[in-house]
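*Asks:* This is the structure I have questions about; it appears just below.
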Amino acid sequence: MPDQNFTSPPSVMIVGAGIGGLFLGILLERAGIPYAIYERAAAVQTLGAVLSLNVNVFPAMEQLGLYEELLNIGFVSPTANMYNEKMKIIKHMNMGLLEENKIFFRKKVLSTSHPEEGGVAIHCSDNSTYYGDILVGADGTYSGVRQSLYRSLQEKSLLPFSDTQALDIGYLTLVGTTDPMDAGNYPEVKDNFNHFHFVIGNGKPYTWYMFTVPKKKICWGVQCQLAENVAKDMSFRNTAWGSEGNEGMIKDVYNFPTPYGPLGLLIDATPRERISKVFLEEKLFETWHHDRIVLIGDAAHKMSPSHGLGAVNAVLDAIVLANNLYEIGNSASSKNIAAAFQNYKKERYPHVHEHFKASKILAKIMLGQKWSDKLLRKVVLRYLPDSIANKRTIKGSAYRPQCVFLPLAPKRGTCHVLPQKPSKRGSQLAQQ
């Protein structure tokens, strides 16, 4: 479509129905921006993992009326215990908001294109094609949207060298969530808060954890630190979650000790379809957007899950991108779209970079079994004052962006909060 005479907001195609894509859809629904979500899976799947959210996203959740619902379906995590293999403590430390007819399953994106008449198109494996003004790649670590975009940029010599390199893979993890457990044998499941236990293996490249979740269930996971040659061989994979080879790894870790007894007790209480294996990759991409295509979440920045910040940053991306798309109004010219994407990355990249570095360091502390990792863990856990860690936490909690097109949630707590970036469009509408 030509860049003139626009009378409606830009239509947005979102590829990927993970938390970032779905949350962006919710925000666009509230902002009155037309959208559709395309997901490669045939239906919603249970992978055995959980999501971690924090204060950075709670104000936006409150704006949407989701905060109380989060408290009802989730647990807060007041403490965490870290053990060695002898069980000695080392350290005490809504789909209903989206219109169903706007989510399309079984839509695996193979390529993207820019029609002569304008806009952007996605081409799917079932030979279907969809068109819009803006394409958002929210399709995860091995994003088909990103791969198509990068191929095009590389052909034009516009892709930075760093973005041509494979993701760094350091760990393999097996995760699962049990059925409801007997409170007589597992009394911690009776509490309405989270109990977190983390075990560091002795003389083996493994660490493992378990924590209670609602409905008397226990989520567990095992990480194996990969040798450098193995990690290099795995770095050019193009798939994420899966169940291939689960039984072999289950056999290897079955008798690992936990505060609840052998890990096998939790594994046996977990349906096999709720056990998944995934490689833990890391990479912060430099290219987040070009023309009418933009990336959010793991498609733009894949972090180690050690800090629990992957889902948080996907939601933050969605908030900031939605704010900038709202500013476009009915003027969806290529120039205005490019400006929206640039402002989105300008705000998000510094915060993502800080979270990426923090997650990388914490992965070494919590998961690492190299001598350098062990030394770092010893120094941090034994000698780093809690006051320093607390200061970093307080500083990180100050960034709490909200949706500019919704009434702002009140400030909560006593910590400093960074000021909300005002909406130019909102100010103009208020003056009319």
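*Asks:* Within segment 180-198, take every residue that is of a type in the set (Phe, Trp, Tyr) and under 9 Å from Thr212 (Cβ atoms) and give me the one that is modelled with the highest pLDDT.
*Replies:* Tyr186
*Asks:* Within segment 141-169, restricting attention to residues that are aromatic (Phe, Trp, Tyr) and surrounded by fewer than 18 Cβ atoms within 10 Å (Cβ to Cβ), which residue is nearest to Met303 (Cα to Cα)?
*Replies:* Initial filter on segment 141-169 (aromatic (Phe, Trp, Tyr)): 142, 150, 161.
Of the ones still in play, those that are also surrounded by fewer than 18 Cβ atoms within 10 Å (Cβ to Cβ) are 142, 161.
Numbers: Tyr142: 13, Phe161: 20 Å.
Result: Tyr142.
*Asks:* Looking at (1) at pLDDT below 90; (2) assigned to a helix (DSSP H, G or I); (3) crowded, with 23+ Cβ neighbours inside 10 Å, which is the only condition Val315 fails?
*Replies:* Unmet condition: (1).
*Asks:* Are any of the residues in segment 287-297 under 16 Å from Val15 (Cα atoms), surrounded by fewer than 24 Cβ atoms within 10 Å (Cβ to Cβ) and touching a Phe, Trp or Tyr at 6+ places or on another chain (Cβ under 7 Å)?
*Replies:* Checked against the condition, which is being under 16 Å from Val15 (Cα atoms), surrounded by fewer than 24 Cβ atoms within 10 Å (Cβ to Cβ) and touching a Phe, Trp or Tyr at 6+ places or on another chain (Cβ under 7 Å), segment 287-297 yields at least one hit.
*Asks:* Within segment 139-192, can you find the residues that are in contact with a Leu (Cβ under 8 Å, 6 or more places away or on another chain) and part of a loop (DSSP other than H, G, I, E, B)?
*Replies:* Those that are in contact with a Leu (Cβ under 8 Å, 6 or more places away or on another chain) and part of a loop (DSSP other than H, G, I, E, B): Thr141, Ser143, Leu159, Thr178.
*Asks:* On to the next question. Just one of Val278, Val294 is over 12 Å from the mean Cα position of the chain (by Cα), farther than 26 Å from Gly119 by Cα, outside any helix (DSSP H, G or I) and aliphatic (A, V, I, L, M); which is it?
*Replies:* Val278
*Asks:* For segment 406-425, enumerate the residues that are among the β-branched types (Val, Ile, Thr) and surrounded by fewer than 11 Cβ atoms within 10 Å (Cβ to Cβ).
*Replies:* Matches in segment 406-425: Thr414 only.
*Asks:* Please return the ranges of helices (runs of 4 or more DSSP H) entirely within segment 6-118 where 2 or more residues are of a type outside the set (Val, Ile, Thr) and modelled with pLDDT of 90 or more.
*Replies:* 19-31, 58-63
*Asks:* Are any residues in segment 321-342 closer than 19 Å to Leu284 by Cα and crowded, with 24+ Cβ neighbours inside 10 Å, and if so, which ones? Before the answer, list the steps.
*Replies:* Quick first cut of segment 321-342, residues closer than 19 Å to Leu284 by Cα only: 321, 341-342.
Hit for segment 321-342 is Leu321, nothing else.
The values are calculated or read from the model by the stated rules, or taken from the named source; none is laboratory data. A quick note: this is a predicted structure, and the numbers were derived from the prediction, not measured. Note that each Cβ is placed from the backbone with ideal geometry, even for glycine, and that neighbours are counted across all protein chains shown.
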